[in-house]
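What follows is a single structure, written as structure tokens, with notes after it.
Just so it is clear, none of the values below were taken in a lab; they were calculated from the coordinates. Quick caveat, the model's predicted, so the values are computed rather than measured. Glycine also receives a Cβ, built like all others from the backbone with ideal geometry; neighbour counts cover every protein chain displayed.
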Amino acid sequence: MPERTEPEATGTPPGPGGGPYELITMGRTGVDLYPLQSGAGLAEVETFGKFLGGSAANVAVATARLGRRTALVSRTGADPFGAYIHRALREFGVDDRWVTAVPRLPTPVTFCEIFPPDHFPLYFYRQPKAPDLEIAAGELDLDAIRAARVFWMTGTGLCEEPSRSATLAALEARSGSGAPGSGTPAARGGASPPRPDGPGAGPEEGARPAARDAAGSARIADGAVGTGDGAAGKAAGAAGRTDGTAGAAGGTATVFDLDWRPMFWPAPAGDPVGEPPGAPRGESPVARAARAAAARPHYARALAHATVAVGNLDECEVATGWREPKDCARALLDAGVELAVVKQGPRGVLAMHRDGTTAEVPPVPVEVVNGLGAGDAFGGSLCHGLLAGWDLERTMRHANAAGAIVASRLACSAAMPTAAEVEAALTGS
């Protein structure tokens with residue numbers, strides 16, 4: 001196992017300004033190298049811009065840009081790109097005390113190609129292993145994670161040990177601290193309908209191909225034009241509310257970003273059609289479905305402790321075996337969350353709360369420059385709405401606008417909007 005440096009802090013440090021953090025995110029960070037030429041493949045691109053990247057880092061930045069106290073739990077290499085990540089996080093107002101180095105593993109780098117309006121292939125360089133998958137349970141500051149008003153984790157954190165055990169330990173700490181909607185799924189007014197191909201059957205049995213396309217392309221459904229990366233509504237439970245609002249000032253939420261990246265999950269052993277872990281391009285539908293089947297039990301364990309689940313149709317299918325949006329939402333509620341958010345691309349976003357409240361918000365029209373990162377902007381706005389106690393529809397409209405703003409810009413983290421910019425987009429001013 002790679003040697004570690006910079007031991008994790010202990011105790012429960014306050015967020016900037018005192019009191020617990022309003023948001024702690026846990027998961028990927030890295031460096032994005034994005035082309036400065038649109039419409040060109042990587043073989044033709046001549047210049048690139050360097051940006052802070054990784055979904056967990058981006059959500060922390062997006063929420064900080066909206067005025068919230070945020071921190072990130074992640075790992076980098078002990079290299080210049082790792083130093084860049086620390087500097088960038090601090091410049092964006094994100095506490096980096098739990099971002100530590102793993103010697104001998106390089107900081108991940110991600111390239112993309114930009115073909116607006118809806119084709120943005122991603123190329124992840126996370127070999128031999130990404131440092132953020134070396135987060136270990138024994139190094140977590142569980143007191144701080146329990147105390148945070150919102151905790152955000154991602155599906156990628158479940159793909160490999162020791163990150164998987166660490167992510168589940170953080171979730172269990174949240175549920176043990178009384179975060180609402182975690183643990184055993186609460187009773188609902190009816191279970192999810194049986195899958196069309198029989199009880200327990202899922203995409204791995206031929207019902208539907210699960211998983212993102214083999215090229216790992218980022219889809220516009222990541223929260224900008226035509227979707228959202230979340231809604232509102234769960235923190236309400238902490239204050240004893242069941243009206244589908246985002247909760248009172250003392251509320252908490254534990255958000256599971258389903259974040260399905262099949263190239264990060266190993267192909268099942270002995271699969272003759274699978275390709276090496278981390279590179280499923282050209283992989284057959286059977287092999288992709290097998291990866292999804294292997295991931296689903298881990299997703300189920302995490303959903304039992306989460307209070308909000310957010311995902312696009314591919315991600316929801318991996319988690320539940322369902323693809324129809326309302327079926328996805330009901331299945332996620334049955335799995336234990338209080339609020340399910342299903343991103344539907346050009347159809348917008350569907351949010352369904354356990355109390356029966358639903359909201360469907362159409363996409364925000366925008367001229368797309370780069371759809372990558374728009375979902376993380378949506379996620380940051382979701383956290384902002386949860387913390388503010390907004391109702392479901394208000395939070396979703398705010399998040400849609402935040403995502404659309406980022407889609408109209410080149411970068412991800414550096415493109416996250418301020419509260420004033422989102423308000424201007426909403427009012428047309």
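With an 8 Å cut-off on Cα pairs and a minimum separation of 6 or more residues, tell me the relative contact order of region 46-159 in percent. Let's see the in-between values first.
Numbers: 143 pairs, mean separation 25.9, N = 114.
Averaging sequence separation for qualifying contacts and normalising by length gives 23 percent for region 46-159.
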Please label the shape of region 292-409 as rounded, prolate or oblate, based on the square roots a ≥ b ≥ c of the eigenvalues of the alpha-carbon gyration tensor (a/c under 1.5 means rounded; beyond that, a/b larger than b/c means prolate, else oblate).
prolate
For region 366-429, what is one quarter of the convex hull surface built on the Cα atoms, given in nm²?
3.9 nm²
Quick shape summary for region 299-350, equivalent ellipsoid via Cα gyration tensor, semi-axes whole Å in descending order, reads 17, 10, 9
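What per residue convex hull volume, in Å³, comes out for region 333-397 when only alpha-carbon positions are used? Please report the intermediate quantities before stating the final value.
Working: hull volume 6.5 nm³, N = 65.
That works out to 99 Å³ per residue.
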Spin-label model distance (nm) - residue 347 vs residue 284, 7 Å beyond Cα toward Cβ
3.0 nm
Compute from the Cα atoms of region 111-183 the Rg and the Dmax, the latter being the longest Cα-Cα distance, and quote both in angstrom.
16.0, 46
Backbone N under 14 Å from the residue 91 label point (7 Å along Cα→Cβ), restricted to region 410-428:
411-416
Length-normalised contact order for region 329-409 - Cα pairs under 8 Å, 6+ apart - percent
27 percent
Considering only C-alpha atoms, what is the centroid distance from region 73-130 to region 22-58, in Å?
8 Å
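Could you order peptides 338-349, 84-95, 256-267 by the average number of other Cβ atoms within 10 Å of their residues, highest first? Please report the intermediate quantities before stating the final value.
Working: 338-349: 26.0, 84-95: 19.0, 256-267: 24.3.
The peptides rank, most packed first, as 338-349, 256-267, 84-95.
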Between residue 127 and residue 326, with labels modelled 7 Å along Cα→Cβ, what's the label distance in nm to one decimal, could you check?
4.6 nm
Mind jotting down the distance between the C-alpha centroids of region 415-429 and region 378-413, whole Å?
10 Å
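Using Cα pairs closer than 8 Å and at least 6 residues apart in sequence, work out the relative contact order for region 99-152, in percent. Walk me through the intermediate numbers first.
Values: 41 pairs, mean separation 16.7, N = 54.
With pairs under 8 Å counted, the relative contact order is 31 percent.
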